[in-house]
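What follows is one structure encoded as structure tokens, with my remarks underneath.
Here, each number is a calculation from the coordinates, and none is a lab measurement. Predicted, not measured: the structure shown is a model, and the values here were computed from it. When we count neighbours, we look across all protein chains shown, and the Cβ atoms used for this are built from the backbone with ideal geometry, even at glycine.
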Amino acid sequence: MGETSHHADDTLHRRGLMFILSSPSGAGKTTLSKMLLAADSEIRLSVSATTRPPRAGEIDGVHYHFVTPEHFDRMIEEDDFYEWAEVFGHRYGTPKGAIRTALKDGQDFLFDIDWQGTQQLYQKDQQDVVRVFILPPSIDELHRRLAGRATDSVEVIAARMERARAEISHWDGYDYVIINDNVRECFAKVHAILEAERMKRARQTGLIPFVRGLMG
């Protein structure tokens, strides 16, 4: 028998998704995000706009879109955000921009946002959002990780611990919750969730013409 001209696993068109990774600071979200972007060429980071000044090594348009508070205000007025929030005196937001068009073309986006941003994003676009929350193995371990950051003062660590407890209280607002006791095992679970969500029937927009062809 000859080879089929269609391969449902790799060529049928699908709708992209917005893959949210949230966690309290120190639970490993940033590390997992970098691992996912390095391992999977089909997903790219959603770049947020922020009023925070750039840190050393950060590039405008790559790590963040660095904007003035006035520019950020205009974007809010023009409804140009999927979501936005204020964190430690600075505002962060997800510009709609080309994301909606790219989703239709099958592009996946990774979002590194907190529970407030997750809630706003989900309210505006439930069908495309996948919510994953990363928990630390214990509060003591979380404190140890935060205290190990040489750049943070005792006051900043205390503020982050307080915020972490508040973040953890919203664990039940996510589709998936993973305990990050071992980063490689945690990453394997995160990647498995992404792969499974891509294959959901509702996202496989190319299935309708494909099945019609099978039945025709």
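As a ratio to 2.2 N^0.38 Å, the alpha-carbon radius of gyration for the chain is 1.14. Relative to the longest principal axis of the chain, what angle (0 to 90°, nearest 10) does the C-alpha long axis of helix 183-198 take? Computed tilt is about 40 degrees. Projected label points at His191 and Asp60, each 7 Å from Cα along the beta carbon direction, are separated by 3.6 nanometres. Extension gain, Thr205 to Val177, is 7.3 nm, computed as 0.36 nm per intervening residue step minus the present C-alpha separation. The distance between label points at Ala39 and Met215 comes to 3.7 nm (points 7 Å beyond Cα on the Cα→Cβ vector).
Quick check: residue separation of Arg184 and Ala166 times 0.36 nm, minus the Cα distance between them. What number comes out in nm?
Numbers: separation 18, 0.36 × 18 = 6.48 nm, distance 2.62 nm.
Gain on extension, Arg184 to Ala166, equals 3.9 nm.
Bridging of Lys200 to aspartates and glutamates at a Cα separation below 19 Å is possible for Asp9, Asp10, Asp40, Glu42, Asp105, Asp108, Asp125, Asp128, Asp175, once same-chain residues fewer than 8 apart are set aside.
The C-alpha atoms of the chain define a longest principal axis, and helix 154-168 lies at about 40 degrees to it. When you filter the GluC sites (Glu not before Pro) in region 84-163 for DSSP loop state and at most 16 other Cβ atoms inside 10 Å of their Cβ, nothing is left. The modelled label-to-label distance for the pair Leu12/Glu78, using points 7 Å beyond Cα in the direction of Cβ, is 3.9 nm.
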